[in-house]
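The values are calculated or read from the model by the stated rules, or taken from the named source; none is laboratory data. Note that the structure is a prediction, hence the values are computed from the model and not measured. Here the Cβ positions follow ideal geometry from the backbone for every residue, glycine too, while neighbour counts run over all protein chains shown. Please note that ligands, DNA and RNA were not included when accessible areas were found on the heavy atoms of the full protein model with its side chains. Shrake-Rupley method; radii C 1.70, N 1.55, O 1.52, S 1.80 Å.
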Amino acid sequence: MKLPNNERGSPRLRIAEIAPDFRLEDVWVLPARGSAEDFGVLLEVMASLDPAHGESAATRLLFALRYRLGGWFGWDDARRELSIPGDTETTLRGRLPVDLRGTATNLDRSSYGFRPLYRTDVEWAAELSNRTVHAVMHLAWVEQGEGRYQGQMAVYVKPRGRFGAAYMALIRPFRHRVVYPALMRQIERAWNARLAQQTE
């Protein structure tokens, strides 16, 4: 389920310290619930997913189109480090407090362009930089009361100029109507399968 951006989790989330100048683009409640100790399970589930090759034909088509366009126009050329829009930094790693540095080594999304930033007991974040946007994917394990937690996924962005802003506006309906709903179904199946393994 998509949340209104003003209902985003807890004000204690560390991402607020690190990316205060980024715009919160999306927040989704994940179909993953558990105890305080289950955040690691959520990270394992997320690392196992491959939306670009999932069951949704529409999602596969959109990813294939995006990768094709990115290849044609050089949007994803990793050899060129781009500065964060409005800043001289090329990565958010330099903004990390000492206690968060080197904490996100156990979940790699580099195959999708994301570079891990940090992990706590209830947060994980990774950044992506290309010719359209500098973005952060943020996972949180949000307390619901009585020792129960639920996952949330948020995306923070800084588009690159008018082109980046137009690109984000263009893909928004496809993200909301196709990509994210298919991803939520993938997460739910993987989460339920992991819970079934734990009870065997």
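Overview of values
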item	result
Gain on full stretching of the segment that runs from Q197 to A169 - 0.36 nm per residue minus C-alpha separation	6.0 nm
From phi via Karplus (6.51, -1.76, 1.60), per-residue ³J(HN,Hα) for the range 56-65 in Hz, x at Gly/Pro	6, 5, 5, 5, 4, 5, 5, 5, 4, 5
Under 5 Å, built H, 5+ apart or other chain: amide partners of L30	G151, Q152, M153
Expected 222 nm ellipticity per residue - DSSP helices of 4 or more, -39500 (n - 2.57), all of the chain, to 500	-10500 deg cm²/dmol
Residue-by-residue Karplus 3J(HN,Hα) for the range 130-136, coefficients 6.51, -1.76, 1.60, Hz, glycine and proline x	8, 6, 9, 6, 10, 10, 10
Rough spin-label spacing in nm, given labels placed 7 Å along Cα→Cβ, for R80 and T103	3.4 nm
Percent breakdown of C-alpha pair distances by 10 Å bin, ordered from the shortest bin, for the chain	8, 34, 39, 16, 2, 0
Accessible surface, the range 112-185, averaged per residue in Å² (probe 1.4 Å)	43 Å²
Amide hydrogen neighbours beyond the local backbone of V133, cut-off 5 Å, H modeled	R160
For E25, distant residues with modelled amide H under 5 Å away	V155, Y156, V157
Within-12-Å neighbourhood charge of G147 [Cβ basis; K, R +1; D, E -1]	-2
Spin-label pair R33/L65, simplified geometry with 7 Å Cα→Cβ offset, distance in nm	3.6 nm
The chain, dipole about Cα centre (Lys/Arg Cβ +1, Asp/Glu Cβ -1), debye to the nearest 20	840 debye
Hz values of 3J(HN,Hα) by residue in the range 40-54 - Karplus curve (6.51, -1.76, 1.60), Gly and Pro given as x	x, 5, 4, 5, 5, 4, 4, 5, 7, 7, 9, x, 5, 10, x
Portion, in percent, of the accessible area of the range 28-101 that falls on carbon or sulfur, probe 1.4 Å	56 percent
